[in-house]
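Accompanying notes for the structure given below.
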Amino acid sequence: MLTPSAPDELSLRRAGLDRLREKERELLDQLHLVYVATRVQRDRIRASCPAAADLTRHLPAEVLLRIIEFALQNPLVGCDPHRHVKRELASVSCRWRDLILGSPSLWNCIRICKSWTVPFVKAHIARSAECPLSIEVCTRDWEAEGGLEWGAVAARLSVLVHCRHRWRSLVFKTVDRVIMSFIASSEGFPSLKRLTIIDDVPTDPFSFGPADWPSVDYLELRTCVDLNHLSNLSNLETLIVHIPLLKPPRTQVEFSLRKLKTLSLSGYTGALEFHPDTLHFPLLDSLSVNVTYARGLMEAIVAPNLRRVRYAPYSCDSGMSCVFGNLSSKFLSVEHLCLCNHTELWQTARDTDVESARTVSSAFPSVRHVELHGEHIEAFFGSEATCPADYWEHLETLDIRGIFKDRMPSLEGWLRRRSLEGKSALKVIISNPLSAFLEDDDDIPGQSALCESLRPYCNVVVLPELDLVSTLSLSNGSWKFLACPSDQPSSTPWVRNSWERRCKFCIGG
């Protein structure tokens, strides 16, 4: 048998390679045709399906401006929205940028702090046109880095003082007496209506002179203050005072504010000496009290037109029997009463509970709207004979919050007896429906049956917008008719949001 020679074998292999290469070219040509056909088909599909419209382009400028304002009011933690949020929003589109740059209302909030340079302050003044200005003086960042640089602060303040006729609100944080004196000595703040003073480390009591801030009608103080000097602010309509826990000299307090309509007092009043009928507020409408030794304060207040009262016990020594005993003649005009809860307020003995509730009911006999915590139910409604709540002959609305699942029979029994007596049906509001019924692993379906048990005797309203997460995160002591809770620092637009996120500009330095 003959074997092919070496040159013949090589020729066969080359011929096989040529055939493979030809096949490769054919396959590549086919693949190219498939790729081209795919791209053409994709383009046709995209052409037949219109792109998603940018809905913000169709929003009226007023609506878009309001959205941007909300974004500035709710920044990330530690973020200065007027330095970072506006920059980020302006980069969305030319329309957003032009709207931000051309809207004076987005530039009328100005801070005096280290991160706001003099040119940056001037830019805000120029772009705010003639809008009223909201000023915040915060020296914390200077103090944290080795002391206050008075020259730098004065340079920024001097720019603002030239337009002091436009100042609408002024906020001091970590009060510096030199800065406050510098501002107060600049005459003429005709538009200044709101003044807030917050001092985390107060030293000497703060006071007001006869000529200081004459046009201010809203004052919030979270520092040591000489309350007697408040009479110099004759135009005040809203006063919020939180007194820190210090041991100042004992002081007798006596002042009056003829135009005051809203008063909130909280904190330590152990060093204040009140005498009966020495605090005169003829136009006072809303009163919030969360202080130690509240009895003296309640005896001192004279407010013939008072309609709303919120009382939150500061500690167990502020029991309701002690605070409101024999004061019924003072609160005959009160129509809305809110009682917040304190775990040490209601003692274990039942008769003590009922006595405290009876004292409150007697002190506010004319109320029409009452807000109670779930733990108050037994005391006000649990008696088999006459209940403390029976003193409220004009009651129209009962708002109950907190956990009261096991106490529901007492309320149901009282409502049934009221119905049998022919009295008008109350409106019962369950403000925190899920937290009111759930404890640990309790069944959610049970809440409906408990609500339904009240319906034959009253008009039950369960707020539908609350879910489990939002309900459990709400404060049980919220008060609807006063803007700022007296026992918590007021929130400001500079730091208010989730602790889980951070501003990328702040992180970047």
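List of remarks:
- Per residue, the accessible area of the range 224-279 comes to 44 Å², computed with a 1.4 Å probe over protein heavy atoms only.
- If you sort ASP285, ASP8 by accessible surface, 1.4 Å probe, largest first, the order is ASP8, ASP285.
- Alpha-carbon centroid distance for the pair the range 259-326 / the range 118-140, whole angstrom: 38
- Backbone HN-Hα couplings from phi across the range 213-224 [Karplus 6.51/-1.76/1.60, Hz, Gly and Pro as x]: 6, x, 8, 5, 10, 10, 10, 10, 10, 10, 6, 5
- By a 1.4 Å probe calculation restricted to protein chains, ARG25 has an accessible surface near 120 Å², given to the nearest 10.
- With the simple model of a label 7 Å out from the Cα in the direction of the Cβ, ALA37 to LEU246 spans 8.6 nm.
- Note on surface exposure: TYR218, TYR293, TYR457, TYR311 rank TYR293, TYR457, TYR218, TYR311 by accessible area, highest first, 1.4 Å probe.
- With the simple spin-label model, which puts each label point 7 Å out from Cα in the Cβ direction, the LEU101 to GLU421 separation comes to 7.1 nm.
- Estimated at the nearest 10 Å², the accessible area of VAL171 is 30 Å² with a 1.4 Å probe.
- Over 30 Å between alpha carbons, listed pairs LYS86/LYS114; LYS173/LYS330; LYS86/LYS261; LYS86/LYS193; LYS122/LYS173; LYS122/LYS261: LYS173/LYS330; LYS86/LYS261; LYS122/LYS261
- With all protein chains modelled, accessible area of GLU220 [1.4 Å, Å²]: 10
- 3J(HN,Hα) along the range 287-295: 10, 10, 10, 8, 10, 6, 6, 5, 4 Hz, from the Karplus curve 6.51 cos²θ - 1.76 cosθ + 1.60 with θ = phi - 60°, whole Hz, x for Gly and Pro.
- Charged neighbours of ARG168, selected by a Cβ distance under 10 Å, balance to +3 (K, R count +1; D, E count -1).
The values are calculated or read from the model by the stated rules, or taken from the named source; none is laboratory data. These numbers come from a predicted model, not from an experiment. Ideal geometry is used to build each Cβ from the backbone, glycine not excepted, and the neighbour counts take in all protein chains shown. Only protein heavy atoms, including side chains, enter the accessible area calculation; ligands, DNA and RNA are left aside. Shrake-Rupley method; radii C 1.70, N 1.55, O 1.52, S 1.80 Å.
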